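Here's the structure, in structure tokens; my notes come after.
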Amino acid sequence: MVKKIFIGALLLIAIAIAGCSDEASNGRVVAVSFPNTTSSWQRNGDSIKRFLEEDNFTVDIQFAGSASEQSSQIAELLEKKPKCIVIGAIDGEGLVDVLEKAKEYEIPVIAFDRIIKNTDAVTYYASYDNEAIGEAWGMYFEAALNLKGGGGPYNIEFFAGGPTDNNAHLFHKNMMAILDPYIKSGKLICRSGQTDFDSVAVADWNSSNARTRIKTLLDTYYKDGAPLQAVVSPNDDIAGVILEEIRARNMAAPLISGLDADPAALERIKAGQQTFTVGKDPDHLTAKCVRMIKAVVEGTQPDINDVKTYNNGVKIVPAYLCTPMIIDKTNVDQIKG
Ligand code: BGC
């Protein structure tokens, strides 16, 4: 599942890029542009700032609440000519124009957690193995509901992340590759009939949008008292609101997934409310990202373990994909909150 390590000629590319960025020098400033849409991004921000400052970089970090705000912030950050810019994209396809300036100023761009599409301005991609996350969800439901052993039928509903985030598509596709055969065989029943990405996506990963959808599902398809035994939730924020609405109707808690190992989700797992989450330790990701930053700024060697998965439409972006970790009641006590 986790791709094999590949290093080779990338060192040379890294040195070449570092050479190009000399003109755009401004001390050791690294610009960072992240969303502020979920608490996990605040943790990513804290982590990258801490790691970079420990390495004597100065960090110019901005958080944005919308794709347009992020574009303007990136434009401003680039005008200050940092050594490198790290971006967690709100709209992975919406940065093509603003990143033309990064190319003009020869500022290397590192995509953090989410790939940036349709531009050759992106140098590296640091993320978790997003395909493995979708597979892990599917496999967890398959095992917990004993679907291979003939378990079911169980009622299930699906939620996915925001359409402008490539991760959300990968998570859903890889999860569905495992669960769809059980829908077809009648072992999983989706009463709403909403299973394709467009029907189940939550715009901007926004938990109020998710709340509106779960309310409609419960009040339309489960009004007759039918149990909802399983819910695929794309992250912990969304799992939290789904569980609140289910509890508000005195329905039993379903088997439910999550992502990010948010402190609130760890508490819910301990309390037996949320079944599991997938931990993406921000420090692991940051450590790999800092190696990439140093590669482009100092000409050192980045860690790269994937050179085939992330074709962004223009180039294959060399990536390091960290390994995610399933957290449920069996191991939650060993996880730091
Ligand atoms: C990340 C998730 C996060 C979500 C919402 C996704 O791109 O992979 O970890 O929960 O965005 O911010």
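Let me confirm something: among 47, 72, 40, which residue is assigned to a helix (DSSP H, G or I), within 15 Å of the ligand (Cβ to nearest atom), among the polar types (S, T, N, Q) and over 20 Å from residue 124 (Cα atoms)? Break it down into steps so the answer makes sense when it comes.
Details: 47 fails: over 20 Å from residue 124 (Cα atoms); 72 fails: within 15 Å of the ligand (Cβ to nearest atom).
Result: 40 is the single residue among 47, 72, 40 that is assigned to a helix (DSSP H, G or I), within 15 Å of the ligand (Cβ to nearest atom), among the polar types (S, T, N, Q) and over 20 Å from residue 124 (Cα atoms).
I'd like to know if region 221-233 contains one or more residues that are at pLDDT 95 or above and under 17 Å from the mean Cα position of the chain (by Cα).
The first filter runs over region 221-233 and keeps only residues at pLDDT 95 or above, leaving 221-233.
With under 17 Å from the mean Cα position of the chain (by Cα) added as a condition, the list becomes 232-233.
Yes.
On the given criteria, is residue 264 open to solvent by 40 Å² or more (accessible area, probe 1.4 Å) and either touching a Gly at 6+ places or on another chain (Cβ under 8 Å) or not acidic (Asp, Glu) (or both)?
Yes; evaluated as a whole, the condition is true for this residue.
Yes or no: residue 244 away from the ligand (no atom under 16 Å from the Cβ) and under 20 Å from residue 202 (Cα atoms)?
When the stated conditions are applied, residue 244 passes them.
Residue 102 passes all but one of (1) more than 16 Å from the ligand (Cβ to nearest atom); (2) open to solvent by 20 Å² or more (accessible area, probe 1.4 Å); (3) outside any loop (DSSP other than H, G, I, E, B); which number fails?
So the condition that residue 102 fails would be (2).
Can you tell me which residue in region 202-251 is least open to solvent (accessible area, probe 1.4 Å), limited to those that are without any contact (Cβ under 8 Å) to a residue 60 or more places away in the chain and part of a loop (DSSP other than H, G, I, E, B)?
The residue in question is 202.
Search region 141-163 for residues being buried (at least 19 other Cβ atoms within 10 Å of the Cβ) and within 13 Å of the ligand (Cβ to nearest atom), and hand back the single one that is nearest to residue 213 (Cα to Cα).
159
Taking into account only those residues within region 184-201 that are touching a residue at least 24 places away in the same chain (Cβ under 8 Å) and in a helix (DSSP H, G or I), which is most open to solvent (accessible area, probe 1.4 Å)?
Once the filter is applied, the top-ranked residue is 198.
Restricting to region 126-144, and then to whatever is in contact with a Leu (Cβ under 7 Å, 6 or more places away or on another chain) and of a type in the set (A, V, I, L, M, F, W, C), can you tell me which residue is nearest to residue 171 (Cα to Cα)?
The qualifying residue nearest to residue 171 (Cα to Cα) is 133.
Of these, 304, 293, 316, which one is open to solvent by 30 Å² or more (accessible area, probe 1.4 Å), outside the structural domain of residue 136 (by TED's automatic domain parsing) and among the hydrophobic types (A, V, I, L, M, F, W, C)?
316
Between a residue in region 124-140 that is more than 13 Å from the ligand (Cβ to nearest atom) and any residue that is of a type in the set (Phe, Trp, Tyr) and open to solvent by less than 10 Å² (accessible area, probe 1.4 Å), which pairs come within a Cβ distance under 7 Å, given they are 6 or more apart or on different chains?
140/276
Among the listed residues 77, 10, identify the single one that is at pLDDT below 95 and either surrounded by 16 or more Cβ atoms within 10 Å (Cβ to Cβ) or not assigned by TED's automatic domain parsing to the domain that holds residue 238 (or both). Even if it seems obvious, please write down each step before you answer.
On the way: 77 fails: at pLDDT below 95.
After applying the criteria, what remains is 10.
The values are calculated or read from the model by the stated rules, or taken from the named source; none is laboratory data. Model, not experiment: these values are computed from the prediction. Positions of Cβ are backbone-derived with ideal geometry, glycine not excepted, and every protein chain shown enters the neighbour counts. Surface accessibility is based on the protein's heavy atoms, side chains included, excluding ligands, DNA and RNA. Shrake-Rupley method; radii C 1.70, N 1.55, O 1.52, S 1.80 Å.
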